[in-house]
Amino acid sequence: MNIPSNLKYTKDHEWVAVDGDIATVGITDFAQKELGDIVYVEVETLDQTLDKDEVFGTVEAVKTVSDLFLPLTGEIIAFNENLESEPEKVNTDPYGDGWMIKVKISDSSEIDTLLSSEDYAALIGA
């Protein structure tokens, strides 16, 4: 199981890479394996400001549709448009080309509420 130590994680299986006041968000290797083959990623919240834990989009796999929860309060400033034509990137490269959104963080203190790689590994029993 791939759980990069330089990232933060949520109990909802999203990963977060923080660079200044911008966070890049995707779903974890564990989540993509649980979902199976991803066929569609939908994010209709671009340019909206959402609160932490609000739904920012959905990911559709062959057998299920799952909500995506925003890990930090902020404005969604970018969507990985490559996923419109290649949603399978979430399966093949969840921490790289499979990223989903970029968020301008409103409250940096929320970063401290995210899980470390060790805490996330314990959560999923890895």
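The values are calculated or read from the model by the stated rules, or taken from the named source; none is laboratory data. Values in this document were obtained by computation on a predicted structure and should not be read as measured data. Cβ coordinates were reconstructed from backbone atoms using ideal geometry, including for glycine residues, and neighbour counts include every protein chain displayed. All accessible areas refer to the heavy atoms of the entire protein, side chains included, with ligands and DNA or RNA removed. Shrake-Rupley method; radii C 1.70, N 1.55, O 1.52, S 1.80 Å.
The table for this structure:
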| read-out | value |
| --- | --- |
| Computed lengthening from Ser106 to Asp51, 0.36 nm per intervening residue step minus Cα-Cα distance | 18.9 nm |
| Alpha-carbon Rg with Dmax, taken over segment 7-64, Å | 12.3, 37 |
| Spin-label model distance (nm) - Glu75 vs Ser116, 7 Å beyond Cα toward Cβ | 3.4 nm |
| Percent carbon-and-sulfur accessible area, the chain, ignoring ligands, DNA and RNA, probe 1.4 Å | 43 percent |
| Percent of Cα-Cα distances greater than 11 Å, calculated over segment 35-82 | 67 percent |
| 1.4 Å probe accessible area per residue over the chain, in Å² | 51 Å² |
| Charge dipole magnitude, Cβ of K and R +1, D and E -1 - the chain, Cα centre, debye nearest 20 | 300 debye |
| Heavy-atom accessible area ranking, 1.4 Å probe, most first, across Met100, Met1 | Met1, Met100 |
| Mean projected area (nm²) of the alpha-carbon convex hull when the chain is viewed from all directions | 6.7 nm² |
| In segment 1-106, trypsin sites (Lys or Arg not before Pro) in a DSSP loop with at most 10 other beta-carbon atoms within 10 Å | Lys63 |
| Reach of Lys102 by Cα under 21 Å, taken over lysines that are not fewer than 8 positions away in the same chain | Lys8, Lys11, Lys52, Lys89 |
| Potential lengthening between Ile124 and Glu88 on full extension [0.36 nm per residue; Cα-Cα distance subtracted] | 10.7 nm |
| Per-q log10 I(q)/I(0), segment 53-107, q = 0.13, 0.14, 0.22, 0.26 Å⁻¹ (Debye; single scatterer per alpha-carbon; no solvent) | -0.34, -0.40, -0.93, -1.16 |
| For segment 89-106 and segment 46-67, distance of Cα centres in Å | 13 Å |
